[in-house]
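I have placed the structure first, in the form of structure tokens, so that the comments after it can refer back to it.
Bear in mind that the values in this text are calculations on the coordinates, not laboratory data. Predicted, not measured: the structure shown is a model, and the values here were computed from it. Positions of Cβ are backbone-derived with ideal geometry, glycine not excepted, and every protein chain shown enters the neighbour counts.
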Amino acid sequence: MATVRAIATKIQNDILAGHFDSSLDRYRLIPKSTPNTQPKSLLELWDLWVGSLDLPECTLANHYRWTRVMMAKANPGLTDTNWLTKSELSARTYKDRLSLIRSCCKWGLAKGLIATNPYENIKLRKADSKEIKPFRDSEIRQIIQGFNDLFPHYTAFVIFLLATGVRTSEAIGLRWSHLDFPKGEIIIKESLPKDPTGNGYTRIRKETKTGNIRYLSMSADLQYLLVSLRPQKVEPDGLVFKTPEGCIIDADNFRSRYWTLVLKHCQIPYRKPYTTRHTMGSHAIEQGIPVTGVAYLLGHKNSRMVIETYGHMVNRPELPDIPIGRGN
């Protein structure tokens with residue numbers, strides 16, 4: 001039964017990712033033989049391990065792919081760790097790749113292909129604490145006006161990001177069927193990120209990052225905006241936000257060709273479009289919405305991320321009254 005459940009889960013994931021194998025060959029039980037050759041490098045061990053996992057293409061195209069690219073460039077020996085520990089990876093990327101390499105070596109150790117796991121006790125890097133700088137009210141008004149002046153087609157898209165705090169891929173993938181105007185609700189249930197197995201431009205529809213479905217209430221202003229965008233003949237599966245040519249918005253192109261220029265035009269210090277998400281979250285905290293409520297609005301599974309990100313804003317105490325006097 002455990003094997004059946006594992007195969008069913010694999011099929012379900014492939015369907016969601018758009019890589020279902022209709023021939024079913026991918027899902028048949030094939031005994032995996034133990035490699036009969038001893039790997040001479042970490043790259044050879046990696047390829048043996050990844051080959052034993054039988055992962056879908058969409059998974060291989062992410063961290064597995066980039067870890068292998070980095071490994072192939074350095075071509076380390078089985079016990080050489082300097083190529084990773086002396087790299088200039090960010091703390092998050094370093095953690096992800098170290099975790100995969102540890103699992104690879106753990107598998108090799110269990111198979112008798114290596115004598116030790118040199119990555120087992122390597123410590124993680126401490127992430128640099130970066131100050132989050134959400135947009136102030138004056139900056140929000142400037143950005144909206146800046147888009148009205150330079151690229152009015154994208155003004156509604158930017159307002160939606162600022163007002164809802166949704167992930168960019170969720171806004172890009174928003175369909176008209178996800179807007180319930182009688183109830184005044186926006187249903188966030190899907191995203192439209194880039195397909196990691198594609199050519200860099202193709203996108204794949206999938207569930208939200210955390211798999212959650214959330215219902216966001218439209219404010220009067222937001223409802224007015226969305227109604228003004230609604231075409232006379234609504235296609236339920238049609239996208240709410242598109243390029244002027246009617247194509248899917250590409251997040252990278254939007255950032256480089258429009259977002260960056262508007263911030264420069266407004267003389268606002270550059271922050272990524274993702275800052276719109278922090279802006280909504282910080283405003284929610286400042287207006288007294290409970291941490292659990294903010295977590296729901298942002299689509300987190302729990303409040304941990306909200307506390308880690310905005311904890312300095314929650315119940316911030318005032319300095320004690322010290323008799324320093326005004327003339328001293």
(request) Could you check the simple spin-label distance between Thr9 and Glu245, using points 7 Å along Cα→Cβ, in nm with one decimal? (result) 4.2
(request) Please provide three numbers in whole Å: the alpha-carbon extents of region 108-186 along the principal axes, with the largest listed first. (result) 63, 34, 24
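Given a cut-off of 20 Å, name the pairs among Lys10/Lys106; Lys189/Lys272; Lys206/Lys301; Lys123/Lys209; Lys209/Lys301; Lys40/Lys73 whose C-alpha atoms lie farther apart than that in the structure shown.
On the way: Lys10/Lys106 23 Å; Lys189/Lys272 24 Å; Lys206/Lys301 17 Å; Lys123/Lys209 28 Å; Lys209/Lys301 10 Å; Lys40/Lys73 16 Å.
Pairs exceeding 20 Å: Lys10/Lys106; Lys189/Lys272; Lys123/Lys209.
Can you check what the net charge comes to around Gly165, using other residues whose Cβ is under 15 Å from the Cβ of Gly165 (Lys, Arg +1; Asp, Glu -1)? Can you show the working numbers first?
Details: positive: Arg167, Lys209, Arg214, Arg271, Lys272, Arg277; negative: Glu170, Glu286.
Combined, the nearby Lys, Arg, Asp and Glu give +4.
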(message) Nearest 10 degrees is fine. How inclined is helix 155-164 to the longest principal axis of the chain, computing both from alpha carbons?
(response) 80
(request) Tell me which residues come under 5 Å, amide H to amide H, from Ile249 once H is placed; ignore anything under 5 positions away on its chain. (result) Thr243
(message) Give me the extension gain from Ile122 to His153: residue separation times 0.36 nm, minus the current Cα-Cα distance, reported in nm with one decimal.
(response) 6.2 nm
(request) Take the Cα atoms of the chain, find their three principal axes, and give me the spread along each one in whole Å, biggest first. (result) 73, 70, 41
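Which trypsin sites (Lys or Arg not before Pro) from region 263-310 combine a DSSP loop assignment with at most 14 other Cβ atoms within 10 Å?
Working: sites: Lys264, Arg271, Arg277, Lys301, Arg304; in loops: Arg271, Lys301.
Loop-located and lightly packed - Lys301.
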(request) Would you mind putting 18-24, 41-47 in packing order, based on average other-beta-carbon counts within 10 Å, highest first? (result) 41-47, 18-24
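Can you give the extra length, in nm with one decimal, that the chain gains between Ala115 and Thr85 once fully stretched, where that is 0.36 nm per residue apart less the Cα-Cα distance? Can you show the working numbers first?
On the way: separation 30, 0.36 × 30 = 10.80 nm, distance 2.06 nm.
Stretched out fully, the Ala115 to Thr85 stretch lengthens by 8.7 nm.
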(message) I need the peptides 110-116, 231-237, 248-254 ranked by packing, meaning the mean over residues of other C-beta atoms within 10 angstrom, with the highest value on top.
(response) 248-254, 110-116, 231-237
